[in-house]
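Only one structure is covered here, and it is reproduced in the block below.
The values are calculated or read from the model by the stated rules, or taken from the named source; none is laboratory data. Just so we're clear, the structure is a prediction, and the values are computed from it rather than from any experiment. Cβ placement follows ideal geometry from the backbone for every residue including glycine, while neighbour counts extend to all protein chains displayed.
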2 protein chains.
Amino acid sequence: MKLGEISEKSFIEGVLAKYLAGKPALSHLEFPDDASDFIPLAPRTVVSVDASSIASVKLPWRSMGDAAWSIASGAVSDHVAKASRPAYAFVSMGLAPDMSVEEAESILEGLNQAFTHYGVKWLGGDTNSSRDPWISVTIVGFTTAKKPPSRRGAREGDVIVVTGRYGAMGYAVARGFNEAARQTWVVENTRRPLVDLRVGTVIALNYKSVHASMDVSDGLGYTLLEIARSSNVGLKIRRPPLLYKEVYEVCDGKLECLYELALNGGEEYGVVMAVDKDGLKKVLEDLDSYDVEYEVVGEVSSGGGLIVEGLASTRIYRWDQFAGYVKYI
Amino acid sequence: MKLGEISEKSFIEGVLAKYLAGKPALSHLEFPDDASDFIPLAPRTVVSVDASSIASVKLPWRSMGDAAWSIASGAVSDHVAKASRPAYAFVSMGLAPDMSVEEAESILEGLNQAFTHYGVKWLGGDTNSSRDPWISVTIVGFTTAKKPPSRRGAREGDVIVVTGRYGAMGYAVARGFNEAARQTWVVENTRRPLVDLRVGTVIALNYKSVHASMDVSDGLGYTLLEIARSSNVGLKIRRPPLLYKEVYEVCDGKLECLYELALNGGEEYGVVMAVDKDGLKKVLEDLDSYDVEYEVVGEVSSGGGLIVEGLASTRIYRWDQFAGYVKYI
């Protein structure tokens, strides 16, 4: 059975409706009402919108459900970097009329599994027809931080802390998807990316010392450069972030190779923070107390750009929605 | 110049950025940060997401800017029916790499004109590539109403009030787009649909007496039936809503024709309310004091379905994203 053979109305009422969470406490509106109402859960509300064509996240080893999970994770990740606890999700999507109902349902399942994992209530959305299927995820979160860190606040002398583990998506970018599909460690570590919500809590607790922060969705190198550029500072990187152990084997320990795989990936969903020197000890203690994976990789310098110690030059690529993989520096 | 020839990054920074509003007072995050933060403007927050493929709202007489305006109006309309004042907009979109930069810019202009008209601040969004261009609009609004009306609260004895004016889109549906394109009154009244924000204020002021409410986006007939069905009541319609004067000429005053054009349109963005009898006087006084266009069209009855006085039977169509125009009853 294809979507075009059942109506949008029966898809929404018969399939989509069962994945939606009930309304929050003290709320009155509920799907299929065209909006949701809620009482804020913290003084400051944070909203993000993250969309993607399904094709662009559909790695050869990802099912439709895996692709949907990845899009949901990307949306959640934007909150973590901004000290926000994601709470509610709204999903609009465009599905092809010749898509099977089973395939559409596996997309809903992937989204639902991700939202459940992250403790996010899926409240509503909108269904459309599209020959080039897409998903747009709006996440509403809340933060107790008086000042959520922007990407542009890094100051000279700040220490650069990078959470998460790198190199798997970098391997896929460097060696191509065919080669990557044969590497179990790459497939396992990229099939369903995981966002660590505890990092958001640590940032909220330390918002005064986290001068800048940004999540790693388009590659670590791009994220570092973007923080440097928008903060009008430079970054000196003294050591790689945490890497999968297989990366050391693949690279035979060579620094240039380690950095290439670390910096040019995407969807790792760690967070890059520029932390005030005086607040660093407390930030690291809080990350340790939550068992968050991180590495102190360098510091903010006065000169512009990105300098990686031990390398003559650094190539950074990023994924561009219109232009594909492009050289960034 | 086509989008595929410039990068997403230069499109965002060189074109999109200039349409975005600055951050709200007391906010810290600002585009290109991946999220926006704000302090709620009223006790209750209301969020809606409304998306559309551009092709599906691109009437022959609509420019790309008109189509974008229409999608923005549809998103704003969901708030009005729920007693909410729309405040912030987030737009994700998928644009085709072979779309010209000028065409993409006219879409942004149409969105911006609509948001400016409605007093909504456009805070951020996300750009993607799509062979079948689409726009998804998330609107955050606020309401002082303790209980925003759902579509399912209509009770026997309630009076049905319909705001807005009807028949132009109904004409286009009944006679086809080629014929409609020759009628100046149809073109002028459907090119850029207008949402009346004051209706939202009246509902917020009278939330205790407005037992149910829903905006008219998929046709008035469908909206009436949907309120009846989800409230588990029937509706008796005794007179048509306000109609464009040309509808009377086209129909030669025949009741069946008047109702056909009134009930089977779409995108009129009026609101259907089921109002408590005892609160009716106050609701109508408030609508009058704002000069809102409305008509009292009938009342809620105990039997199911929709009965239109003076007609033997009623045909209701609705637009279905997967199945096209379908007969609803």
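Details
- Scanning segment A:257-271 for residues that are over 13 Å from A:Gly221 (Cβ atoms) and acidic (Asp, Glu) yields one hit, A:Glu267.
- Annotation for segment B:245-265: no member residue is closer than 30 Å to A:Met93 by Cβ and among the aromatic types (Phe, Trp, Tyr).
- For segment A:45-57, the set of residues classified as in a strand (DSSP E or B) and over 14 Å from B:Val46 (Cα atoms) consists of A:Ser48, A:Val49, A:Asp50, A:Ala51, A:Ser52, A:Ser53, listed by residue number.
- Test set (1) away from chain B (no Cβ under 14 Å); (2) surrounded by 14 or more Cβ atoms within 10 Å (Cβ to Cβ); (3) not in a loop (DSSP other than H, G, I, E, B) - A:Thr314 fails condition number: (3)
- A:Ser136, sole failed condition from (1) without any contact (Cβ under 8 Å) to a residue 12 or more places away in the chain; (2) under 30 Å from B:Asp132 (Cα atoms); (3) hydroxyl-bearing (Ser, Thr, Tyr): (1)
- Segment B:200-223: number of residues that are away from chain A (no Cβ under 14 Å) and not in a loop (DSSP other than H, G, I, E, B): 5
- If you go through segment B:38-69 and pick out every residue that is in contact with an Asp or Glu (Cβ under 6 Å, 6 or more places away or on another chain), within 20 Å of B:Ala21 (Cα to Cα) and more than 7 Å from chain A (Cβ to nearest Cβ), you end up with 1.
- Filter result for A:Arg165 (farther than 30 Å from B:Leu26 by Cβ and either aromatic (Phe, Trp, Tyr) or over 15 Å from the mean Cα position of the chain (by Cα) (or both)): no
- Test: A:Val250 is surrounded by 23 or more Cβ atoms within 10 Å (Cβ to Cβ) and either touching a helix residue (DSSP H, G or I) at 6+ places or on another chain (Cβ under 7 Å) or not aromatic (Phe, Trp, Tyr) (or both): no
- The residue of segment B:115-135 that is surrounded by the fewest Cβ atoms within 10 Å (Cβ to Cβ), among those that are closer than 15 Å to B:Ala68 by Cβ and among the hydrophobic types (A, V, I, L, M, F, W, C), is B:Trp122.
- Filtered residues of segment B:6-44 (kept if part of a helix (DSSP H, G or I), crowded, with 20+ Cβ neighbours inside 10 Å and of a type in the set (Phe, Trp, Tyr)): B:Phe11
- Taken over segment A:116-132, residues that are touching a helix residue (DSSP H, G or I) at 6+ places or on another chain (Cβ under 9 Å) and at the interface with chain B (Cβ under 9 Å from one of its Cβ atoms) amount to 5.
- For segment A:232-250, the count of residues that are within 14 Å of chain B (Cβ to nearest Cβ) and part of a helix (DSSP H, G or I) is zero.
- Conditions (1) more than 16 Å from the chain's Cα centre (by Cα); (2) surrounded by fewer than 18 Cβ atoms within 10 Å (Cβ to Cβ); (3) more than 7 Å from chain A (Cβ to nearest Cβ); number of the one not met by B:Pro97: (3)
- Pair list, Cβ < 6 Å and 6+ apart or interchain, from segment B:148-177 residues that are at positive phi to residues that are in a loop (DSSP other than H, G, I, E, B): B:Gly164/B:Glu268; B:Gly164/B:Gly270; B:Gly167/B:Tyr244
- Among the residues making up segment A:317-329, a single one is at pLDDT 75 or above, surrounded by fewer than 19 Cβ atoms within 10 Å (Cβ to Cβ) and either in contact with a Gly (Cβ under 6 Å, 6 or more places away or on another chain) or of a type in the set (Val, Ile, Thr) (or both): A:Val326.
Condition check ((1) among the aliphatic types (A, V, I, L, M); (2) facing another protein chain (nearest Cβ under 9 Å); (3) touching a helix residue (DSSP H, G or I) at 6+ places or on another chain (Cβ under 9 Å)) across all residues:
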site	(1), (2), (3)
A:Ser7	no, yes, no
A:Ala21	yes, no, yes
A:Phe31	no, no, yes
A:Ile71	yes, no, yes
A:His79	no, yes, yes
A:Tyr88	no, yes, no
A:Ser92	no, yes, no
A:Ala114	yes, no, yes
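- Taken together, the residues in segment A:58-72 that are surrounded by fewer than 24 Cβ atoms within 10 Å (Cβ to Cβ) and in contact (Cβ under 8 Å) with a residue 40 or more places away in the chain amount to 8.
- Hits in segment B:144-159 - residues which are within 24 Å of B:Ala51 (Cβ to Cβ) and either surrounded by fewer than 24 Cβ atoms within 10 Å (Cβ to Cβ) or in the same structural domain as B:Pro32 (by TED's automatic domain parsing) (or both): B:Arg152
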